[in-house]
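Visitor: Have a look at the structure that comes next, please.
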Amino acid sequence: MKQPDHYEFLQISPNAEPGTIHRVYKFLAARFHPDNPESGDPEKFALLKQAYDVLSDSALRAQYDEAREKEVVEAIPIPDTMDFLDSIDGELNRRLAVLAVLYKRRRTNAHKPEVSLGEIEGLMNFPRDYLDFTVWYLMKKGYITRADNSALTLTAEGVDFVETQRVNLPNLSKLLTSGAGPSISDRRRAEQAPTPTEERRINTDRRNQVG
């Protein structure tokens, strides 16, 4: 059973200092406490308490970090409904999926942001040949680069693209939020998400953003 991502829930770096963890905990505890009539959320408060109990204890945090590092890529399951094999839309979706996986890794594991091509291939469940053009294109755009061990990692330009375009590209937002549980801002965006017809129109209008 996969453990919850405490860093993602707190929206902090895995390298965060104890003081930062404590400040974020106090801020969110006031927001999610069941006694708060405006934003109280017992379920989130319980998750917050669990995250703080683990991350504020050096021994428990070390054990958690070791286990989490083995699961971090699995935090982005690729939706079965997303087409990666169609000639044009499939290529666009492959680009978004690679960016989403690398963004998630960099956000949650800043000290080791690389993801091997084999890991990405396994997540998408199709032959590596389909990724050759995708990787070439994203590298030429400056969104990704290769580390010394030939694994892929997201650049600052890639981070900017993901964060500015996730609202405009529903499939990118879907990839970033699937499996991890939406944040408050993600949930707000989800409530305003377009219908399937609108989504197809938006994807067509925005195709040149990635294409």
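Only the coordinates and a few stated rules stand behind these numbers; no lab work does. Since the structure is predicted, the reported quantities are computational estimates derived from the model, not experimental observations. Reconstructed Cβ throughout: ideal geometry from the backbone, glycine too, with neighbour counts over all protein chains shown.
Visitor: Note down the nm distance, to one decimal, between modelled labels 7 Å out along Cα→Cβ at SER56 and at HIS33.
Guide: About 1.3 nm, to one decimal.
Visitor: Given R₀ = 22 Å, what would the calculated FRET efficiency be for SER116 paired with LYS141, taking r from the Cβ atoms and rounding to 0.05?
Guide: Details: r = 21 Å, r/R0 = 0.93.
Here the calculated transfer efficiency is 0.60.
Visitor: Right, next: From largest to smallest, what semi-axes in whole angstrom does the stretch 6-69 give when each is the square root of 5 times an eigenvalue of its alpha carbon gyration tensor?
Guide: 22, 11, 9
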